[in-house]
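First the structure, in the form of structure tokens, and then the observations on it.
The values are calculated or read from the model by the stated rules, or taken from the named source; none is laboratory data. Here the structure is a predicted model, which means the values were calculated and not measured. Counting neighbours? That spans all protein chains shown, and the Cβs are built from the backbone with ideal geometry, glycine included.
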Amino acid sequence: MKERYEFARAHLSWTIDDWKKVIFSDETKVNRIGSDGLQWTWTNGDKLKDFQVQHMIKHGGGSLMLWGCLTWHGVEYLSNIKGSINSDFYIGILEDELMKTIDWYDLEKEDIIFQQDNASIHTAKKVSEWLDNNNITVLRWPSHSPDLNPIENL
């Protein structure tokens, strides 16, 4: 909570033009069918009808893991993540999708502020060095704060 408060205080004077410089990013898992979370159904006590029951699907029906980003100008390139992600794979995403987004909107790398959460792959030394070497400023993000990221609402 303290970290979120400090983040809010540090950015209290930011203008809309400051926030327009931020490229928000995140990964997400999209299930083909259903949800990973618990699901509840309330009934009036009668026998369940077929439409009230979610049938089991062998192997869960499949899912897709994606990385994406959002700029003031709009959403842009998605990257399909196959298998596990490590710092080298993440740097590949940044080299491809982030750089394509910067080029697409004719942005200057030196003018943008890149947002990412604090996942260990994002904060790995290799990734930090890549961002530094490419003159990309990173927005220091408070831990456990996905609700502050507008990309979560897409």
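Residue-level check: of (1) under 18 Å from residue 75 (Cα atoms); (2) free of Cβ contacts under 8 Å to residues at least 40 places away in the same chain, residue 151 misses just (2). Exactly one residue among 148, 131 is over 18 Å from residue 81 (Cβ atoms) and in contact with a strand residue (DSSP E or B) (Cβ under 7 Å, 6 or more places away or on another chain), and that residue is 131. Counting only strands (runs of 3 or more DSSP E) that sit wholly inside the stretch 19-89, those with at least 3 residues that are modelled with pLDDT of 90 or more and surrounded by 10 or more Cβ atoms within 10 Å (Cβ to Cβ) are 22-31, 63-71. When each of 152, 129 is tested for being closer than 19 Å to residue 68 by Cβ and surrounded by fewer than 16 Cβ atoms within 10 Å (Cβ to Cβ), the lone residue that passes is 152. Screening the stretch 106-154 for residues that are out of contact with any helix residue (DSSP H, G or I) (no Cβ under 7 Å at 6 or more places or on another chain) and among the hydroxyl-bearing types (Ser, Thr, Tyr) and picking the one that is farthest from residue 4 (Cα to Cα) gives 128. A search for C-beta distances below 7 Å between a residue of the stretch 109-122 that is assigned to a loop (DSSP other than H, G, I, E, B) and any residue that is surrounded by 13 or more Cβ atoms within 10 Å (Cβ to Cβ) and acidic (Asp, Glu), counting only pairs 6+ apart in sequence or on different chains, returns 117/26.
Could you tell me which residue of the stretch 132-149 is surrounded by the most Cβ atoms within 10 Å (Cβ to Cβ), considering only residues that are hydrophobic (A, V, I, L, M, F, W, C) and within 20 Å of residue 99 (Cα to Cα)? First the steps, then the outcome.
Residues of the stretch 132-149 that are hydrophobic (A, V, I, L, M, F, W, C), as a first pass: 136, 138-139, 141, 148.
Okay, now just the ones that are also within 20 Å of residue 99 (Cα to Cα), so 136, 138-139.
On the way: 136: 18, 138: 15, 139: 16.
Top of the filtered list is 136.
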